[in-house]
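Take a look at the structure set out below.
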Amino acid sequence: MKEKIHVHVADDHKILIEGIIAVINTDKNIKIKGYSLTGQEVIDWFSKKRNTADVLILDISMPIIDGFQVLKYFKNNNIDQKVIILSSYDDLRIIQEVLSLGCKGYISKSEAGEHILNAIKSVSKGDQYFSTDIQSALLKSLSGEIVAKGKIPDKFLIDSLTERELHVLKLITKQYSSIQMAEAMFLSIYTIETYRKSLLKKLNVKNSVGLAMYAFKNKIV
């Protein structure tokens, strides 16, 4: 008799979890072993010895502890857990980050119904699996093609900023000019402008007003 694949599902939207479970229940070879609504619940669930799952389906954006932190927890504690990311974020930087943290699969939520069962079966065997759009982005990157920017969580962008970029961003919200910032930070105007350009590119906004609005929206100041 073929042994069933045990799956734990983690997402902060109960209705999505129910949808995923409904799809999984159509395959008699896969069995659900609980679900979590936050990243902390995921860690707590796997911390109990009796709780094991062949595959964890994990969302990135969750309260308390997000998907990145869950993956880092597994990696830092040498926990060999097979993980499939199920997310609405499709930016190449996000995909590369979770792969570097040990994730085995990545599926866009828009393509979940089409791919989730095959992803579980592939990843449970130790193989990688990506939905069509994610696979396309990775192949373009490997071949040297320019990959269009996709959706990305604000927290990821903020964490990518350097200490000096954050300092410049905070001074922009105070309406400092480049000259005033250069004097306050003991840097050249050219260096300040370089940081400003980097912020515009990273945060995908068009001008200083956009930078200030982004900072207030995300409570950086």
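Looking for something within 19 Å of LEU71 (Cβ to Cβ) and over 16 Å from the mean Cα position of the chain (by Cα) - is there at least one such residue anywhere in region 132-152? For region 132-152, residues within 19 Å of LEU71 (Cβ to Cβ) and over 16 Å from the mean Cα position of the chain (by Cα): absent. Criterion applied to ILE152, ILE179, ILE192 was being in contact with an Asp or Glu (Cβ under 8 Å, 6 or more places away or on another chain) and not assigned by TED's automatic domain parsing to the domain that holds ASP66, and the one residue passing it is ILE152. Every test in (1) in the same structural domain as VAL83 (by TED's automatic domain parsing); (2) in a helix (DSSP H, G or I) is passed by GLY126 save one, and that test is (2).
Tell me, yes or no, whether region 160-167 has at least one residue that is more than 30 Å from GLY19 (Cβ to Cβ), within 18 Å of the chain's Cα centre (by Cα) and either loosely packed, with under 15 Cβ neighbours inside 10 Å or of a type outside the set (Val, Ile, Thr) (or both). Within region 160-167, one or more residues are more than 30 Å from GLY19 (Cβ to Cβ), within 18 Å of the chain's Cα centre (by Cα) and either loosely packed, with under 15 Cβ neighbours inside 10 Å or of a type outside the set (Val, Ile, Thr) (or both).
Please find, within region 82-101, the residue that is nearest to ALA10 (Cα to Cα) out of those that are part of a loop (DSSP other than H, G, I, E, B) and out of contact with any Leu (no Cβ under 6 Å at 6 or more places or on another chain). Ranking the candidates gives SER88 first. Residue selection: THR191 satisfies the criterion of being among the polar types (S, T, N, Q), over 21 Å from ILE57 (Cβ atoms) and modelled with pLDDT of 85 or more.
The number of residues in region 1-40 that are over 13 Å from ILE120 (Cβ atoms) and crowded, with 19+ Cβ neighbours inside 10 Å comes to 6.
Name every residue in region 161-213 that is closer than 25 Å to ASP91 by Cα and either in contact (Cβ under 8 Å) with a residue 60 or more places away in the chain or acidic (Asp, Glu) (or both), in order of residue number.
GLU163, GLU165
On the basis of being surrounded by fewer than 16 Cβ atoms within 10 Å (Cβ to Cβ), charged (D, E, K, R) and in a loop (DSSP other than H, G, I, E, B), does GLU114 make the cut? Taking the combined requirement at face value, the residue does not satisfy it. No other residue among LEU86, LEU58 is surrounded by 19 or more Cβ atoms within 10 Å (Cβ to Cβ), within 26 Å of LYS140 (Cα to Cα) and at pLDDT 95 or above apart from LEU58.
The values are calculated or read from the model by the stated rules, or taken from the named source; none is laboratory data. The shown structure was predicted, so the numbers you read here are calculated from the model rather than taken from an experiment. Glycine gets a Cβ as well: all are built from the backbone with ideal geometry, and neighbour counts include every protein chain shown.
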